[in-house]
Amino acid sequence: IAFMPRDCHACRAEGFNALSRVQLSTPHRHVVATLDIVDSDIVPPGHVGLSEAAWQQLQVTPGDWVRVSHPP
């Protein structure tokens, strides 16, 4: 699961909605996740929150860049 704020530029530009499937990519790994739109400030604009499973599969650390796109 990926978490993004409702007013996120990427959500608006790419047309992502709640429960959309998104691809999360790093230079070495990628995973397809379900998007959960959040209305609180728990995820700042320009950031994406990840479920524990997504963290483990992507092998990222806080502050790493993750590309969010439509899956193939």
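Could you order Thr61, Thr26 so the one with the most accessible surface comes first? Probe is 1.4 Å. Intermediate values should be presented prior to the final figure.
Details: Thr61 80, Thr26 30 Å².
Sorted by accessible area, descending: Thr61, Thr26.
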Restricting to DSSP loop positions (anything but H, G, I, E, B) with no more than 15 other Cβ atoms inside 10 Å of their own Cβ, which trypsin sites (Lys or Arg not before Pro) remain in segment 1-53?
Arg6, Arg29
Per-residue ³J(HN,Hα) for segment 34-43, Karplus 6.51 cos²θ - 1.76 cosθ + 1.60, θ = phi - 60°, Hz, x for Gly and Pro
8, 8, 10, 8, 10, 9, 9, 8, 5, 10
Take the chain, drop everything but the C-alpha atoms, weight them equally and run the Debye formula without solvent; then report log10 I(q)/I(0) at 0.11 Å⁻¹ to two decimals.
-0.22
In the chain, what percentage of the DSSP-assigned beta bridges are antiparallel, given to the nearest 5?
70 percent
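The values are calculated or read from the model by the stated rules, or taken from the named source; none is laboratory data. Quantities reported herein were computed from a predicted structural model and do not represent experimental measurements. Cβ sites come from the backbone with ideal geometry, for glycine too, and all protein chains shown count toward neighbours. The accessibility values were calculated without ligands, DNA or RNA, using every heavy atom of the protein model including side chains. Shrake-Rupley method; radii C 1.70, N 1.55, O 1.52, S 1.80 Å.
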